[in-house]
Every structure is written in structure tokens, then in C-alpha cells.
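Everything below concerns the one structure shown next.
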Protein chains: 2
Amino acid sequence: MAIETLSETLCCRGRLGFYRHASETLGLDATFGVFLPEIALSGTPVPVVHLLAGLTCTQETFFIKANAVRFAAKYNLALVATDTSPRGAGTPGEDESYDLGAGAGFYLDATAAPWAQHYRMGSYIAAELPALTEAHFPLDGQRRGIMGHSMGGHGALVHALRAPEKWKTVSAFAPIMHPAAVPWGEKAFTAYLGEDRADWRAWDATALLEAGRTHPGTILIDQGLSDQFLDRELRPELFEAAASRAGQGLRLRRHPGYDHSYWFIQTFIEDHMAHHAVGLKG
Amino acid sequence: MAIETLSETLCCRGRLGFYRHASETLGLDATFGVFLPEIALSGTPVPVVHLLAGLTCTQETFFIKANAVRFAAKYNLALVATDTSPRGAGTPGEDESYDLGAGAGFYLDATAAPWAQHYRMGSYIAAELPALTEAHFPLDGQRRGIMGHSMGGHGALVHALRAPEKWKTVSAFAPIMHPAAVPWGEKAFTAYLGEDRADWRAWDATALLEAGRTHPGTILIDQGLSDQFLDRELRPELFEAAASRAGQGLRLRRHPGYDHSYWFIQTFIEDHMAHHAVGLKG
């Protein structure tokens, strides 16, 4: 599990680095970012929050645009950010549209050809990346949270509901909340998982709640009401209803005037860092 | 002085917009960004800080990478960000290198052919952009500050020293402090201003101090000591010595371990917003 350092930079008295490794899960090189707060630079293990970005983004996007680093430093949290898909897989069709293939891995394990060989971000997020980063950096794997935006918000919800023992805290900005019921999700799931919608339910946050999978923590979600994707792609009311029926703790905040962008995320990012800090540190 | 709205987004309870207009000074369309804190959205005029970015950047860079918006909102400051050069001038050679021409206007008025026709960011920053933005937005032109990074830090220092009556407060991150004495500056000034170095002194911050031009405020400068451009291109010790001789108030902070990037800027950005808030409001 060797990693190659691409860059390391001092920021907010901590250190932000980008690294590359040969991923066994993906069968390709993968790149990720890690922010360590100052206290971790001397080796003290700290809680860690994984960041999952949205369509077209990379492992850099959350770090550059969300204003998250300053609050991770404030609350002594580490951050780990993954890429949004395998890169360089050479899968036919992976570069033809922004919402399928490269930049659009949906944080799931594809089972349908030709995607199944490399598009395995699900297992990468659930197992390889936490193990790798916790072997190389002073991260406390018993205090691990997950958050994301849009497609990455979907990823955070799904991974937290699939494995609440791995992810103690969860939050999301403007997540796709019921991918099986919206165009982005239908396109991606059909390609990655095949035509049988029954196979989609293991990777759909609302379907997981409907199947009785819940998370013991309260899920924090922020949603802008001027989000251009709200009604067509995000559908918070469906997740909210399923959470209510399942008894899932949910704090869904709706914000008039805010859109889908990182300008919205940076406005409320401190609340998310505080949510994870309280949940992970207790 | 009509402007075209390209986008407007709610952020930190204020509004960030990008706009285009036909610049008389540049003889070209120009694009700029404006952040208004919440109090200004109802029409209350607020102090304004102009942001000048460095080589290769645009009017978006400071907004995206500096974490400045949240503190402008906190201190009720407006922000105005210009592009780093004219765009689409078609001047021969303008796209051949990152440090001359497009993305590298150096915030001065070129006098040498072929640059003199369009490369007039000096007058654009000093006159047209303040007048335009103060006509269209609730900005208090009597309380106007300027700050920048690298080439833009040079721009902030030069404009504040050339016209302290226009710019009440000034600060910079890792500015080029004596362009006439370093490779970036020698290349750009030779092209824009010609071979006679006497003509360079009106656009060189250290030379302005040497000529007795000072600013009544204290200049705040932050400089990382692991900045890869420190010794070759920035030369803070030359500006510092000239400021001392001229009696210029200067707070030059040197930070071990920090580099030239916006990760450095975001670490100390609140201090700069507070510096301008105190100077403009206090």
C-alpha cells in the first residue's frame, strides 16, 4: 500500500497533501487529498471526515471551493477527499457525457459490462481508501465521518446507511436523494447496474431507508431552494418521507435563495464541520 | 456605462455577481466580480475592497480560492475583483508566455508598442472600474481599499502609493515588491514600458517609496518563508528598507513554512479583511 506524494502545502497551521497510489479495487492509479490539522502533524490521531464531490469534480474540488479546511483546522478534524470516478479506465463511453463515466462514478460498484471492471468506487470508498489513509496518516478509524455534495451527497448517504458501523457521522449538501427516481440516477444506474431496478436498491439512499436500513446518528442535510436541480434530480421530499417512516433522525434545512453551487456550500460549511466534530468527538 | 449580468449567486447571506461591460479604457469588453454583503442588498452603501489577483488568474480566482467572501460578509465589506489583463486584445505575443500579455497585465498602463493600445489596466483600476462599480452598486467610494496577491500585490501597493487619496487602505499577500529588480518585472516592464528604466519608476512600489511617495495608512503584507518565488521575484527586504527610509508604516509578517499559494492566503485572509474594515470604518 505505497503512496506517492504529489504535493504537500501548509494551510491553516495544518497540512494539505495530494497523493497517488495503485488502487487494487479500481485496477488503476487513483489520487486523493488529505488535510491534517496541526495537532495531527505531531502524530496524534484525529477523527476524519471523508469528502465526496459531485459530477465533473475531482479530489481537489471540495478543498478548493468549500472553505472546509479552515473549520477542519478549528475543530481538529482530518479531511480525506477522493476523486469522483476511476481515471484512465478506457471504458467505452466514459468521456461522452458529464453524468456518466469519468467524473461520474456515483460511489457504487458497477456490475454491468463494460463498467464493472474499473468502476468500483463503492468498494474503494468503503474499504480501500479508509484502510490506506489510516495506514499512512494519524487518522482515528473509530471516529470516521462522511459528507458530500450532489452526487457525492448521495454517496455519503448511501455509504452511511449501508455501513453505519464504519461511518459514525454523515451530512450532505444538496444530495441526489433518490437516484432511482430521477434522470441522473436512472442513466447512471442503468449503465452501471443494468436494467433490473431491483438491483438499484442497494445503492439508493431512499430505497435503503425503505428497506429498514437506518443510521444511528442524525443526518444533516442542507438544501438551497433556488437549486436548479432541486425538483428534477434531488427530490428531498422523497428521502424525508422515507426517513420519517423509518424513524431515521434527519435535520433537513431548506434555505431560500441558495443554489446548487459551492457558494452555497461555503455559506453553511462550518455547521457541517461542527456536526461531525460533535458526533465524532462526542 | 451599461453592464451585463453574467451570474448572481447568494453566498454568506450576501450576493456574488459577475458582470461584463464595454471598457472605454481598455477598448475591449471586460469582466469583473462584485460581492455585496447582506446589508448592501437593501441599498445601504458599504466600504469596498478591490482584489487584484496574480499571474494567470482571472476575476474569479480570489473569490473562489481566498475564503474572502465569508469575512467580507462578517465585516460588512463589499469586494470588487478585476481580471488580470485585457482579454481578446489580439496583441502579438500576448498568449506566448504566462508572465506577459493575457493574464499578466501588471495593473499598469503600457506605453510601448504593440501593448499600449489595450494594455491599460493601470487606468482601468485607478478610474474606470471604481467609477463603474460605484455607479451600479451601493459602494461608498470614500471608503475604498485595495489588496492583491503576487503580481496583484504589486498592483495594490503601486496604486495605493500613486493615489493614496483614492485608496484608504492597502494590503498584500506575497507581492512582487520591486518589479524593476526582478525577472518577472524586468520582462513585463521592458515590453509594456520600453527599455528606459527611468520610465519604470512610476509603476514600481519600491521606487515610489524612494521617490517620497507614501501612504498615510499602515501597509499590511503577509509573506510565506517557503514561497518558491521569494528570493528571485518578490524581494520583500528591498521594499522594507525603502519603507523604513521613507517613514512608511509597514506591517510585514513573515510566516515560516507557507508557500505562494492561495492555501497560504486563506490561512491569513481574515486578518486582511479586518485590516481593511478597521481602516475604512474605524
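Let me cross-check B:Met1: its accessible surface, 1.4 Å probe, with only protein heavy atoms counted, in Å² to the nearest 10?
140 Å²
In Å², and per residue, what accessible area does chain A have when probed at 1.4 Å with the other protein chains present?
35 Å²
Using a label position 7 Å from Cα in the Cα→Cβ direction, what is the ascending list of nm distances from A:Glu237 to the same site in the other copies?
Nearest first, the other copies' label points are 6.8 nm away.
Could you calculate the FRET efficiency of A:Glu96 with B:Ala198 from 1/(1 + (r/R0)^6), where r is the beta carbon distance between them and R0 is 51 Å, rounded to 0.05?
Once the sixth-power term is evaluated, E becomes 0.30.
Calculated FRET efficiency, B:Ile39 and B:Arg251, Cβ-Cβ r, R0 35 Å, to nearest 0.05?
Result of the calculation: an efficiency of 0.80.
Could you tell me whether the protein assembly as shown comes out rounded, prolate or oblate from its Cα gyration tensor? Rule is a ≥ b ≥ c as square roots of the eigenvalues, rounded for a/c under 1.5, then prolate if a/b exceeds b/c, otherwise oblate.
Prolate, because a/c is 1.5 or more and a/b exceeds b/c.
Report the local net charge at B:Thr218: Lys and Arg +1, Asp and Glu -1, summed over other residues whose C-beta lies under 15 Å from its C-beta.
Taking every other residue near B:Thr218 into account, the sum is 0.
Heavy atoms only, probe 1.4 Å: what % of the accessible area of chain A goes to carbon and sulfur, would you let me know?
Answer for chain A is 48 percent, counting heavy atoms of protein chains only.
What is the local net charge at A:Gln117, summed over the other residues whose Cβ is closer than 12 Å to its Cβ (Lys, Arg +1; Asp, Glu -1)?
Within the 12 Å Cβ shell, the charges total -1.
List the distances, in nm and shortest first, from the label point of A:Gly90 to the matching label points in every other copy, placing each point 7 Å from Cα along the Cα-to-Cβ direction.
Those separations, rounded to one decimal, come out as 4.5 nm.
So, with +1 on the Cβ of K and R and -1 on the Cβ of D and E, and no other charges, what is the size of the charge dipole of region A:2-55 about its Cα centre, to the nearest 20 debye?
180 debye
What's the center-to-center distance, using Cα atoms, between region A:253-274 and region A:107-168 in Å?
23 Å
May I ask for the distance between the Cα centers of region B:190-214 and region B:1-78, given as a whole number of Å?
If you average the Cα positions of each part, the centres end up 29 Å apart.
How many nm is it between the label spots at A:Ala241 and A:Ala22, if each spot is 7 Å from the Cα in line with the beta carbon?
5.0 nm
Return the calculated 222 nm mean residue ellipticity for chain B, to the nearest 500 deg cm²/dmol, obtained by summing -39500 (n - 2.57) across DSSP H runs with n ≥ 4 and dividing by the residue count.
-8500 deg cm²/dmol
Compare each residue of region B:226-269 in its chain alone against the assembly with all protein chains, and report those whose accessible area goes down by 10 Å² or more; 1.4 Å probe, heavy atoms.
When all protein chains are present, B:Gly257, B:Tyr258, B:Asp259, B:Trp263, B:Gln266, B:Thr267, B:Phe268 each give up 10 Å² or more of accessible surface.
Taking the Cβ of A:Thr31 as the centre, find all other residues whose Cβ is under 15 Å away and add up their charges (Lys, Arg: +1; Asp, Glu: -1).
With Lys, Arg at +1 and Asp, Glu at -1, the net is -4.
What is the residue of chain B with the smallest Cβ distance to the axis taking B onto A, and what is that distance in whole Å?
Closest to the rotation axis on chain B: B:Asn67, 3.
Suppose every Lys and Arg Cβ carries +1 and every Asp and Glu Cβ carries -1, with no other charges. What dipole size does the protein assembly as shown come out with about its Cα centre, to the nearest 20 debye?
The calculated dipole for the protein assembly as shown is roughly 1880 debye.
For region A:4-281, what is the number of Lys pairs with C-alpha distance below 26 angstrom, counting only pairs 8 or more positions apart or on separate chains?
Lysine pair count for region A:4-281: 8.
One decimal, nm, shortest first: give the distances between the label point of A:Ile39 and those of the same position in the other copies, each label point 7 Å from Cα along Cα→Cβ.
3.5
Report which residues of region B:56-81 become buried by 40 Å² or more of accessible surface when going from the isolated chain to the complete set of protein chains (1.4 Å probe; DNA, RNA and ligands ignored).
By number: B:Ile64, B:Asn67, B:Arg70.
Relative to the isolated chain, which residues of region B:1-47 have their accessible area cut by 50 Å² or more in the presence of all protein chains (1.4 Å probe, heavy atoms, no ligands or nucleic acids)?
When all protein chains are present, B:Thr9, B:Leu10 each give up 50 Å² or more of accessible surface.
How would B:Asp204, B:Asp199 line up by accessible area, probe 1.4 Å, largest first?
From most accessible down to least: B:Asp199, B:Asp204.
Relative to the Cα centre, what is the charge dipole magnitude of chain B, using +1 at the beta carbon of each Lys and Arg, -1 at the beta carbon of each Asp and Glu, and rounding to the nearest 20 debye?
Magnitude of the dipole: close to 960 debye.
For the pair B:Glu186/B:Glu60, report the inter-label distance in nm, with labels modelled 7 Å from Cα in the Cβ direction.
It is 3.6 nm.
To the nearest 10 square angstrom, how much accessible area does B:Leu225 have with a 1.4 angstrom probe?
Spelled out: B:Leu225, probe radius 1.4 Å, area about 80 Å².
Could you give me the ³J(HN,Hα) list for region A:120-127, computed from phi with Karplus coefficients 6.51, -1.76, 1.60 and θ = phi - 60°, whole Hz, x at Gly and Pro?
Residue by residue, region A:120-127 yields 10, 5, x, 5, 4, 5, 6, 9 Hz.
For the pair A and B, how large is the buried accessible area, both sides, in square angstrom to the nearest 100, if the probe is 1.4 Å?
Between A and B, the summed buried area is about 2100 Å².
Of the options A:Leu26, A:Asn76, A:Leu108, report the single residue whose Cα projects farthest towards the positive end of the charge dipole of region A:4-281 (beta-carbon charges: Lys, Arg +1; Asp, Glu -1).
A:Asn76
Please give, to one decimal in nm, the separation of the simple spin-label points placed at A:Gln228 and B:Glu270, each 7 Å out from Cα toward the Cβ.
3.3 nm
The values are calculated or read from the model by the stated rules, or taken from the named source; none is laboratory data. These numbers were taken from a predicted model, which means no experiment stands behind them. For neighbour counting, all protein chains shown are included, and Cβ atoms are generated from backbone atoms with ideal geometry for every residue, glycine included. These accessible areas exclude ligands, DNA and RNA; they are computed on the full protein's heavy atoms, side chains included. Shrake-Rupley method; radii C 1.70, N 1.55, O 1.52, S 1.80 Å.
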